[in-house]
Amino acid sequence: MTQNPTALPQYYECETLDPAALRAVWGINEGDPLGPPESLCLGDMYSLASDAAPVHLRLEIDRETRLAADQPAGTLGLGPGAPVAILAELQFMSNESDTVSALLLRCAAQLLLLPLTPMRSGVRYSLITLDTRVESLRMAELVRGCFAAGARVAMEDGSLCPVEALVPGMQLRTRDQGPQTLRWVGQVTQRAHGSFAPVTFAPGTLGNLGPLSLGPLQRIFLYQRGESRLGGRPEILVQAQSLVDNERVLQREGGFVTYYSLVFDQHQIIYVEGIPVESMLVSRATVARLPKGLAEDLEQRFPHLNQHAHFAQDLPSAHVTDDIRARLLRQKER
């Protein structure tokens, strides 16, 4: 995947945490706050302080990431233009069996934790994955739940409706809870370049009924049979970009793409072109990553909505090798 060298910088507003607010309550580092990657131990259990205050950042993302020129000065001593580097991607498993992903950042000399899925006080989080191979912060990694125009979604009666024709109040088929009422439809148009370029699946690639274009981070639900399954559960969620093999699955650049996001009262697995995929996971963390207009609309309509992620196990992109990719695609081919 190539980046567009002439693209203008993009801006991303997020809420991070001071790692001092996340302290180990069990394990090798018991009593210590979350530290740099070299100090972390898998299996250690952390808890978020009840008075943890989010640290708001406005990032400018071009060929490198830095605090934007209009970032308020004085936030933990950080000032406009300070460079931001990703030290590691972390995954935690909560005592409620939710998987939480987060990026450990260094901004100037300050460590910050950027949760990509919500973290709550009063919950214990065991560190289960530590990946220091993450090199850049890509905008597409910050918003999930995106279907390109033309994708057909299964309705209550099994009929298919193009995503752009859906309106709140319609009944859609879900995998786990039967027909559910669609509460909100988000729409955003982006240049189809770099990390915003859609991932396209030809008909039948995943058993999909028709051509399908998804946002790179849209996760697809796969059920595994047999003993040689990936992860510890038969149910996994795999990002669309993880399946790009440049033969049957492509990431296409050029022009513009319109993405649609679907929200229900609870996070759901729905059917798009006949294959199960996730709806948008709505929480304070995900809303903060939406374009401003969408975020304001969603917050006004659902000010208290804070959904739990689906129980299926997330399969990080870094763990999808060529062999695994071929196996997943072969498993789903007709």
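The values are calculated or read from the model by the stated rules, or taken from the named source; none is laboratory data. Because the structure is a prediction, the values reported are computed rather than measured. Cβ coordinates were reconstructed from backbone atoms using ideal geometry, including for glycine residues, and neighbour counts include every protein chain displayed. Surface accessibility is based on the protein's heavy atoms, side chains included, excluding ligands, DNA and RNA. Shrake-Rupley method; radii C 1.70, N 1.55, O 1.52, S 1.80 Å.
Quick notes
- Any chance residue 228 is part of a loop (DSSP other than H, G, I, E, B) and either over 12 Å from residue 146 (Cβ atoms) or modelled with pLDDT of 85 or more (or both): yes
- Scan of the stretch 234-258 for residues that are in a strand (DSSP E or B), more than 21 Å from residue 100 (Cβ to Cβ), open to solvent by 10 Å² or more (accessible area, probe 1.4 Å) and touching a Phe, Trp or Tyr at 6+ places or on another chain (Cβ under 9 Å), ordered by number: 250, 257
- Among the residues here, residue 67 does not qualify as open to solvent by less than 30 Å² (accessible area, probe 1.4 Å), at pLDDT 75 or above and out of contact with any Pro (no Cβ under 6 Å at 6 or more places or on another chain).
- Entirely in the stretch 81-155, the strands (runs of 3 or more DSSP E) that have 2 or more residues that are at pLDDT below 90 and under 26 Å from residue 23 (Cα atoms): 83-94, 99-107, 110-115
- Test: residue in the stretch 166-185 that is modelled with pLDDT under 90, open to solvent by less than 60 Å² (accessible area, probe 1.4 Å) and not small (Gly, Ala, Ser): yes
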